[in-house]
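Report on one structure; see the data block that follows.
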Amino acid sequence: MIEAEKVIKSGQEQAVASWINYLNQIRLDRLMENLQKEESNLNEAMSTINETLKMISRDIVNNGKGRGGQYGMHGFIAEVAECGIGNAREQVEGKLPIYEWINDNGPEDLRRGATFIQQKFVNSGGHLSLQAIQMHLKDYPDFLDNGGVYQIPEDHYEKIKWLLFISEKEANKMPTSTGEFSLKQWREVHEFFENGDIPLDKVEPSKLEYGEVQKDTYEQTFAKEKDRLKKQNQERKDRAYNKIKPSLEEGTNVTATAAAIEGAMSLCMAIANKRKAGKKINSFDAEDWKDIAGSTGKSTIKGGIRGASIYTLTNFTATPAAVASAIVTASFGIAEQAYLLKEGKLDEQKFIENSEILCLDASVSALSSFAGQVLIPIPVLGAVLGNTIGTMMYQIAKDNLSAREQQIFEEYVQSVHKLDALLQEQYQKFVDEIGKDMQLFMDLLDRAFAPDVRIAFEDSVDLAKSCGVPMDEILDSKEKITSYFTD
């Protein structure tokens, strides 16, 4: 007889496992999508870096004697490098390239979106590129009003900010012999921004330092940039994993939900059992509600343990959700059997048999759910249908085949007993006959070796006959003996 309650309970357990597996799969799909996206972003950024290197080598460094000559080549290298590296840094974050090299010898060198940039990489005179900016603004007085900005080497910009931070009182006390600080340079920087027409917010740092865009250093600069992009890409992948990896918060939610589901299922089944017994809900007494509450509370606790265990097994070990649920179910059942054994309500043999049946039931449930999820790839539904069908088939087979199996075993035992009795009778007859023949043989053997030669001769002939020696080969006369030894 099919145990409907057991099938429903098993289906509910596998539904929880399938739901947890679905949550895990969503996380893994998002993680793989993010990792693939990050890998694509890195490839695009690296491609931009490589194309930029080719452009610098082809159009600037190896353009005849070198574009810009000995003293101006680094300026063109800086412009192209700023675009390439700037775009690569955008791409590695999944953004679109925003830098464009204008390359028309006009007032702007670069375009970043709607912003025009004039780049000045000038180291001569220790003016930190400020003098070159001032000269450009003199030639193009509307440059800043039109939304343009000036860009200088990163190390020049940091030096300017440091000098602006130093007050006049501190500047007069700063040592100049080390070369780090120049009072003349300090005054020039302060006068430029305090009395000039160019505010600091119209000057920005490049992504590169002055020494990084020289003819003999730019390749090393790009090699370092590649390493930087790879490191940034790995950091983004790590953040993506940490954001999606199994968490205490999700585990807590899973545990609470699983507890609520199992508790609610137990509540419904407990009330249904009371109703089957003939009681109406409005006639339930305190004892009935106590039984219902106890069953519900126990199932709620088990549901919480189940949810936490399945979440842990599926996320931190290579255990499928259906198998994890089966492990938990079998563990609960065996623990209960162990308690009964300890209390003396079961003997060891019964404990082993019950534990084997529990494990077999759990295995059938896991296998059925797994097969159902494969055949019906709809989260939860496939596992529940597979578990229900598989469990029902298993119970039908177990209930209907058990009587037949028992009959087969009984018939087999009876036939074995009959055969054993028959063989025992035949064996005994055979042993008796062998015993008689053996006695006869021993008698003949004794006479064949008797001290009396005449008796020994006659009995040796009888012994040969009993052993099946042909008559023409037996030496039973003087003539045969003489012929055997002389011919």
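The values are calculated or read from the model by the stated rules, or taken from the named source; none is laboratory data. Every value quoted in this text rests on a predicted model; they were computed, and no experiment measured them. Backbone-built Cβ (ideal geometry, glycine too); neighbour counts: all protein chains shown.
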When you scan the stretch 186-196, do you find a residue that is more than 28 Å from E33 (Cα to Cα), assigned by TED's automatic domain parsing to the domain that holds F143 and not in a helix (DSSP H, G or I), even just one? yes
Cβ-Cβ under 8 Å pairs, at least 6 apart or on other chains, the stretch 215-235 side more than 21 Å from M73 (Cα to Cα), far side among the aromatic types (F, W, Y) and exposed (fewer than 14 other Cβ atoms within 10 Å of the Cβ): none
Note: among Q70, Q36, just one is surrounded by fewer than 14 Cβ atoms within 10 Å (Cβ to Cβ), over 50 Å from the mean Cα position of the chain (by Cα) and among the polar types (S, T, N, Q), namely Q70
Counted residues, the stretch 458-480 - those being part of a helix (DSSP H, G or I) and either at pLDDT below 70 or not β-branched (V, I, T) (or both): 14
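Yes or no, residue by residue, for (1) surrounded by 13 or more Cβ atoms within 10 Å (Cβ to Cβ); (2) over 24 Å from Q119 (Cβ atoms):
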{"residue": "P175", "(1), (2)": "no, yes"}
{"residue": "R187", "(1), (2)": "yes, yes"}
{"residue": "H190", "(1), (2)": "yes, no"}
{"residue": "K215", "(1), (2)": "yes, no"}
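Yes or no, residue by residue, for (1) at pLDDT below 95; (2) touching a Leu at 6+ places or on another chain (Cβ under 7 Å); (3) surrounded by 13 or more Cβ atoms within 10 Å (Cβ to Cβ):
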{"residue": "G106", "(1), (2), (3)": "yes, no, no"}
{"residue": "I117", "(1), (2), (3)": "no, yes, yes"}
{"residue": "V122", "(1), (2), (3)": "yes, no, yes"}
{"residue": "L128", "(1), (2), (3)": "yes, no, yes"}
{"residue": "Q131", "(1), (2), (3)": "yes, no, yes"}
{"residue": "Q134", "(1), (2), (3)": "yes, no, yes"}
